[in-house]
Structure formats: C-alpha cells, structure tokens
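> Following this message is one structure expressed as structure tokens.
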Amino acid sequence: MAAEARRLAAQLLEENWRGNHTVPASGLYPHQWSWDSGFIAIGLRHVSPARARQEMDSLLDAQWEDGRIPQIVYDAEGGDGYSPGPGFWRSELLAGSPVGIQTAGLVQPPNHALAVWKVFQSDPASAESRQFLEAAFPRLVKWHEYLATRRTHGPGLLASIVHPWESGTDNSPLWDQPLERVPTIPPEDIHRPDLAHAGEGERPGQREYGKYYWLAHRYRDHDCDDRDTGYPFLVEDPLFNALWVVSELALAKIATELGLDDRSHIQRAAELTSALEDLFDPALGCYVARDVLTTLLLPKATVNGLAPLLIPKMARAKTLLRTLKGPRFLGEGAQLVPSYDATASDMNPGLYWRGPAWFNMAWLVIVGLRTVGESRLAGLLSVKFVELAVLHRFPEYVNPWTGRPHGTRDFSWTAALTLEIVNS
Ligand code: 2M8
C-alpha cells in the first residue's frame, strides 16, 4: 500500500507541476495558492527536494514590499479558469506589489516557515539547500513582521483576517455571524467557473459568494491597505494564529541553523501562545474565533479550534484531546476529523468546510497528536488518511463517516501529505 501510495502521489504532483510551482488541482484551481504550496512542499521534498525548494521560492518571489505573501500567485497559463482572476485584483497597479508577477491582495494561513524548515531538513548537506534557507529566512521574517504590524487589529497580539478566503477554511460556520453585516453583490454579477469542476452543493453558495466578492472589492478598492478602518469583517482565527506560532518556532530553528539569534522568535511564539488563551471556549472544550469588531467570541467548535494541539507543551493539550476524541469530532466513529462539530444541527458532512474532513487538517491533527505523545491515535488516523486518499484518487475532501469523496479529485495537497505520512 505504501509503495503504491508513493507512486501515485508522486505521479500526481508531477502532473500538477507547472515549471516552478504546483497547482492545487488542474481544473478548479489553476494557479499557485499560498498555503497549498506550503503543504505541497512538505510532501514534495520526499520526491524532489529541488522542486520543493522551487515551490517555496516561487511563492516567496511574489512577496509584496510590506511583507505579505499573497493568497494566489497567478499563472499566465491559468487563463480565466478561476475567478477572481488577475484582472480583478490588478495588483500590478498597486504600490509595493511584486514586479512582473500578478497576485491576489489577500493572504492565507502562515505555514510557510514550517514548510521551508522541513524542506531544508530533507537535504541539509547540500549547498543549494543552505542557499535556499539563507534566502528564505529574511523573507519569512518580513512576512511575520507584516502579520505583527499590519494585521493586529484586535485588542492583543493575534493576527486578524479580513476575508474568509484568508482563513483557508472559507465557508466555515465560524464566519457566519461576522458575514451577517457584510453587504452582498447580486449573483448575476459574479462569474463562477468553479462550478464547472465541483457540484454546486460542494462549493460555497451564491449568497456567500456575493459577500466574498463584496469584501474583496472593498479591500481592493482601498488599495489592499491594512491601515484602512471601517472594514466590516475582522476576525481572529485560532488556526491562522496557531500556525503562526508553529512557524515562529520554525523560524527560531532556522535562525539557530544559520548561526543567528533565535530569541525574538521564541519570545513571539510564547507571547502568541498566551494571547491564544483569549480564544478558548471552556463550554466547547476548544478554541474558537473572535469577532474583532464586537470583541465577542464566535462559539462554534471547528477543526480550526483544535489546531493549538500543534504547539509544543500546550497547557490545554489534555482538554483538546478529550474534545477531539469526543462526540463533536471523532467520537461517533469518524474515520478522519470532521471540519465542524458533529453534534451541531447545521453540520453537513458533504458541504464545503461545514462538516467534511479535509486532508490538510487531518494531517495537522496527526502532527498535533504526535506532539502530545498520542502516537497510537496518530497512527490509526494516518492509516485511514492514506487509504481514503489513494482509494478516491486524492480527493479534495471526504465525508468523515462514510469516506465518500467530494470536491475535485487529483488534489495536490492530499497527494503531498500522503507522501509526508508514508515517509514519516
Ligand atoms: C479553497 O479556497 C479557494 C479560495 O482561496 C476557493 O474556494 O476558491 C480552500 O480550500 C483553500 O484552503 C485552498 O487554499 C484553495 C486552493 O486549494 O481552495
């Protein structure tokens, strides 16, 4: 099984390779996506450390002057197969955008320093690998500085997202309440090429899309300037911020490897870990999001709220484990971790980020379980992961209970993380 999984996953990543990056899926997502590239590089390093380095280099080449790493780097070959495309963002007209590269203005969760550190570790002795690490380090520091200086809209140190697309978990029920106050754009004004590649019930609805577009217009029309006030969607997400902590710890390791001082990274990781405590919901037994505009917590149990399991020596690890094993997540026989509370009346096991199991989140949970010493459960979930990934041709997501595949197939991070699991 492992050998076959390796072969099929490597083959798919080859098919989805576009010269210096990998597209998430050739039909539905024909460009380079930010956190996808992080997950992809983590798996690709087992097949080709050189390609994994290129994956991260091409993404970092698209960094803006203010430090942001964009959500999407547009591929000239991607045409208008995805909307919003480069013509929507017109990034080339904005000050501080990368020269000769078209990108979106938004960002995605910061898994990049973690990815760079893992890619380096797969080939630590080569000169290319060291050069890669040396070149990536200042860019990653600048990215984290962007989060710390431009995105701390809330009362504390945590970074805020300005759009559900920035969470990577776009349609999560966590965003329902803040989206209530966002106006909408009529469906006839929105181009939906995505619906040609996945069923309507497997993608966000027209109502959500109307709001996503309204927010994207608002951000773009204010030059993607984070000093803009009066923004109607500002949210602190536990997943985004937990990945920031993990990446800050990876930066500390990179600094040490390069003979540099790691203290500022260790300190920021510790401060962010403390700040995350503001997002803990004792009734749900997990972390939740905070609406920065009302300062109220958004009490929904989602897989995002389990992500702090990734932080070494997490004080609440035991509570998170209990929640993970309980009825909201794995308790009722789920094969992989559902994205949303299985006990919630509006949970839907097939609907985009509102119940199904995603392979990147499954992998993060597996890593979190290993971090807290739960290797048995991590092993069981790993077996299921590989089984479902290979059986269904690397689907985008699955029903957590039946394993039925949803969304697009031949999805790159599913294949890449399969490689990471079978090689760990
Ligand atoms: C999905 O998000 C895009 C917008 O970024 C979309 O729905 O069109 C999400 O699953 C996100 O996490 C992922 O990065 C992206 C590409 O795979 O697709």
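The values are calculated or read from the model by the stated rules, or taken from the named source; none is laboratory data. What you see is a predicted model; the values in this text were computed from it and never measured. All Cβ positions, glycine included, derive from the backbone under ideal geometry; neighbour counts span all protein chains shown. Surface areas here come from the heavy atoms of the whole protein model, side chains and all, with no ligands, DNA or RNA. Shrake-Rupley method; radii C 1.70, N 1.55, O 1.52, S 1.80 Å.
> Output wanted: per-residue J couplings in Hz (rounded whole) for segment 285-298, from phi through Karplus 6.51 cos²θ - 1.76 cosθ + 1.60, θ = phi - 60°, x for Gly and Pro.
Working through the residues one at a time gives x, 8, 7, 10, 8, 10, 7, 5, 6, 9, 6, 8, 6, 10 Hz.
> Of all accessible surface on the chain at a 1.4 Å probe, what whole percent is carbon and sulfur?
On the chain, the fraction of accessible area on carbon and sulfur atoms equals 51 percent.
> Could you tell me the distance between the Cα centroids of segment 154-197 and segment 67-119, to the nearest Å?
The two parts, judged by their Cα centres, are 17 Å apart.
> Would you work out the charge dipole size for segment 325-410 about its Cα centre, treating the Cβ of every Lys and Arg as +1 and the Cβ of every Asp and Glu as -1, and quote it to the nearest 20 debye?
Using only the charged Cβ atoms, the result is roughly 140 debye.
> Oh, and also: Report relative contact order for the chain in percent, whole number only (criteria: Cα-Cα under 8 Å, sequence separation at least 6).
Details: 806 pairs, mean separation 76.4, N = 424.
Taking the mean separation of contacting Cα pairs over the length of the chain, I get 18 percent.
> Same structure, new question: What range in the chain is the longest one free of trypsin sites (Lys or Arg not before Pro) that are in a loop by DSSP and have at most 15 other Cβ atoms within 10 angstrom?
Longest gap between qualifying sites, sites excluded: 91-180.
> Distances longer than 26 Å among the Cα atoms of the chain: what percent of all pairs is that?
When all Cα pairs of the chain are counted, 51 percent exceed 26 Å.
> Identify which of A52, A159, A95 has the largest mean-square fluctuation in a Gaussian network model of the chain, with springs joining Cα atoms closer than 10 Å.
Per the Cα network of the chain with a 10 Å cutoff, A95 tops the list.
> Ok, one more. At 1.4 Å probe size, with every protein chain present, just tell me what the per residue accessible area of segment 110-191 comes to in Å².
With the other protein chains kept in place, segment 110-191 gives 37 Å² per residue.
> Can you list which of the GluC sites (Glu not before Pro) found in segment 300-403 are DSSP loop residues with at most 15 other C-beta atoms within 10 Å?
Taking segment 300-403 and a limit of 15 other Cβ atoms within 10 Å, the loop GluC sites (Glu not before Pro) found are E332.
> Counting only the heavy atoms of the protein chains, how much of W35 is accessible to a 1.4 Å probe, in Å² to the nearest 10?
Probe radius 1.4 Å; accessible area of W35 about 0 Å².
> For the residue pair H191 and A135, what label-to-label distance in nm results when each label sits 7 Å from Cα along the Cα-to-beta-carbon direction?
3.3 nm
> How far is the Cα center of segment 1-32 from the Cα center of segment 349-423, in Å?
Between the Cα centre of segment 1-32 and that of segment 349-423, the gap is 16 Å.
> A further question follows. Can you compute 3J(HN,Hα) from phi for each residue in segment 104-118, using the Karplus curve 6.51 cos²θ - 1.76 cosθ + 1.60 with θ = phi - 60°, rounded to whole Hz and x for Gly and Pro?
Working through the residues one at a time gives 6, x, 7, 10, 9, x, x, 9, 6, 5, 4, 5, 4, 5, 5 Hz.
> If you don't mind, another one. If you place +1 on the Cβ of every Lys and Arg, -1 on the Cβ of every Asp and Glu, and leave all else neutral, what size is the dipole of segment 1-159 about its Cα centre, to the nearest 20 Debye?
Its charge dipole is roughly 400 debye.
> While we're on this one: May I have the pair-distance distribution P(r) for segment 99-147, computed from all Cα-Cα distances with 10 Å bins from 0 and rounded to whole percent?
Taking all Cα pairs of segment 99-147, the binned fractions are 22, 44, 29, 5 percent.
> Right, next: Using the charge dipole of segment 100-175 (Lys, Arg: +1 at Cβ; Asp, Glu: -1 at Cβ; taken about the Cα centre), state which of H112, V141, T169 has its Cα farthest towards the positive end.
V141
> Excluding residues fewer than 8 places away in the same chain, name every one of the lysines whose C-alpha is closer than 20 Å to that of K253.
Once the sequence-local lysines are set aside, what remains near K253 is K118, K142, K313.
> In whole Hz, with x marking every Gly and Pro, tabulate ³J(HN,Hα) for segment 200-216 from phi via Karplus 6.51 cos²θ - 1.76 cosθ + 1.60, θ = phi - 60°.
Per-residue couplings from phi come out as 4, x, 9, 10, x, x, 5, 5, 5, 4, x, 6, 4, 5, 4, 5, 5 Hz.
> Can you give the helix-only mean residue ellipticity at 222 nm for the chain, where every DSSP H stretch with n ≥ 4 adds -39500 (n - 2.57) and the sum goes over all residues, rounded to the nearest 500 deg cm²/dmol?
The helix contribution divided over the chain gives -13500 deg cm²/dmol.
> Taking only the C-alpha atoms, wrap a convex hull around segment 113-263 and report its volume per residue in Å³ as a whole number.
154 Å³
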